[in-house]
Amino acid sequence: MTNVLLKVVLRNLIHIEAPSDTTTLITSLTIKLFLASFVNTAFLTLLINGNIWPFMGANAELEGDASVLENLNSFGLMNGQFTDFGEKWYEEIGVPICITMIINMISPHIFVLLEFVMKGYSQCVDRSYSSDHTLTKQVTQHDLENMYTGPEFNLYLRYAQLLNTLFVCLMFSSGMPVLIPICCFTFMGYYFADKYMLFRFYSLPPMLDSALAQAVSSILPYAVMLHLMFGMWMMSNDEFFSAAGVMLTTDFGNSTKVPLDLSVNLDASSYFGDNLFMQTVYERFTHKNCYIMFAVFLLLLVSLLWNRLIVKILQASEGFIALFPCFRNCLSKNHEAEGNDPYLHSISRERLDLQLRQNLLFVEVLAQYKAEIERRDTTVGFKAPEKEINILESYNFEANQGYVEEFASDASSVIEYNNRKRTMTTKTRTVTEGAKEGAKEGAKEGAKEGAKEGVEKVEKVEKKAKVEDLSTVEERAAEEAGAGGDIVMSKLGHQESAL
């Protein structure tokens, strides 16, 4: 019941953070709901029923720890009857934890099943108990869709429930191995139930990126850390294993000690002095039964500290990278190369030419496109890459006419795009027509100038040909005038071919 209330409260409080997108909202809600459920299920049980006063020793008041414990006791914490994971703890606390996990394995599906049955009954009433699914009493399309559409699949809730189950079961599984099959059956039940309901009942969940899955995966190693820590404490309990490695067995109610050859004598007081709590932790974690778990715990702890703390600090320190450049590759994330060509090299020549003609991308991008075309033209024996981008290569909405026409034909940005395209087309047409008119005017002016030059040459010929016959003069004048006209016509032909 408490976990249900936590879900409602957190869903209302998470909007105060004002997340920037849906993925961030769901990721934050998942982590917070998991932490709240886990603390309520596991840690509060330990804090309420646990008691660490015997581990503090007689010098607790002198060390200042008594005031901390008294403050916790005033809230009803760390003032219970259990000082260790003994037989009574498993009977009175361990069994309820197992029952709680079994209930969590079944209870979420019961509410979904009831909702599924009620939805099916409503649909059956809507079609008047007929087997013909085309019949309906709904008047509008909106009401019909609401009648036959299930609720949204709460991905954050499912993640939080599975994380809570995994952490609780791993935390106590060293002393209660039955939690491992309970965890296994819980995951199997969620898998098959959600698979069926996603196909038959739930509506599609929101589209998310990989941030949620990465956030959930990043906290899984801490479940292993808790498993190792509580496992070492449980396996070194004096009620089952003596501190020196002597195992206690019970035969018809009579306890007998079976000495183990693995026992060693460790003087913890030489390391921690009079600190009884640290002495106890040292002796429990260095117990012979815990050597393997302690070694794995240290390796995992070092790995987490290196990858999640030290590496980030060193990556942020430019001075360290400059001083030790050999660490640059060690601290960078290695991504497996796919063997693809660079982005610009993979764009087809048709796409490059099209974008340069449309002139709708940023100036910097168009400059890169132009440089890429020049590179291909100047490269001897250039060969196009095997994998070419022949479709949309840019996220610029206005540069993708397919998006414009299919998804937002009435949007203001698209209208502006179409107006700009029309303006560019008009300008191009105006320039073309102006060039043609200019060529015609130039041809006319050239013809006039050619005629003038012909007349001038005729006059010169007449002056020079005093001795020659008049017919000869006229023929020569006609030839000169014709030559001038041919020059003008050839110039006009060159201009038209250029257009």
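Here is how the numbers come out for the structure above:
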| quantity | calculated |
| --- | --- |
| Residue match in the stretch 204-218 (condition: surrounded by 17 or more Cβ atoms within 10 Å (Cβ to Cβ), within 27 Å of the chain's Cα centre (by Cα) and within 27 Å of residue 121 (Cβ to Cβ)) | no |
| Flag if residue 80 is touching a residue at least 24 places away in the same chain (Cβ under 8 Å), surrounded by 15 or more Cβ atoms within 10 Å (Cβ to Cβ) and in contact with a strand residue (DSSP E or B) (Cβ under 7 Å, 6 or more places away or on another chain) | yes |
| The one condition in (1) more than 30 Å from residue 218 (Cα to Cα); (2) surrounded by 11 or more Cβ atoms within 10 Å (Cβ to Cβ) that residue 180 fails to fulfil | (1) |
| So residue 161, is it of a type in the set (S, T, N, Q) and in a loop (DSSP other than H, G, I, E, B) | no |
| Where a residue in the stretch 118-134 is in the same structural domain as residue 146 (by TED's automatic domain parsing) and its partner, wherever it lies, is in a helix (DSSP H, G or I) and hydroxyl-bearing (Ser, Thr, Tyr), with Cβ under 7 Å and at least six apart | 123/148 |
| Residue list for the stretch 174-206, filter: over 25 Å from residue 231 (Cα atoms) and not in a helix (DSSP H, G or I) | 201, 202, 203, 204, 205, 206 |
| In the stretch 127-147, the residues that are exposed (fewer than 11 other Cβ atoms within 10 Å of the Cβ) and charged (D, E, K, R) | 132 |
| Selected residue [over 30 Å from residue 117 (Cα atoms) and either at pLDDT below 90 or not in a helix (DSSP H, G or I) (or both)] from 132, 143, 209 | 209 |
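The values are calculated or read from the model by the stated rules, or taken from the named source; none is laboratory data. Keep in mind it's a predicted model, so treat the numbers as computed, not measured. Positions of Cβ are generated from backbone atoms using ideal geometry, with glycine treated the same way; all protein chains shown enter the neighbour counts.
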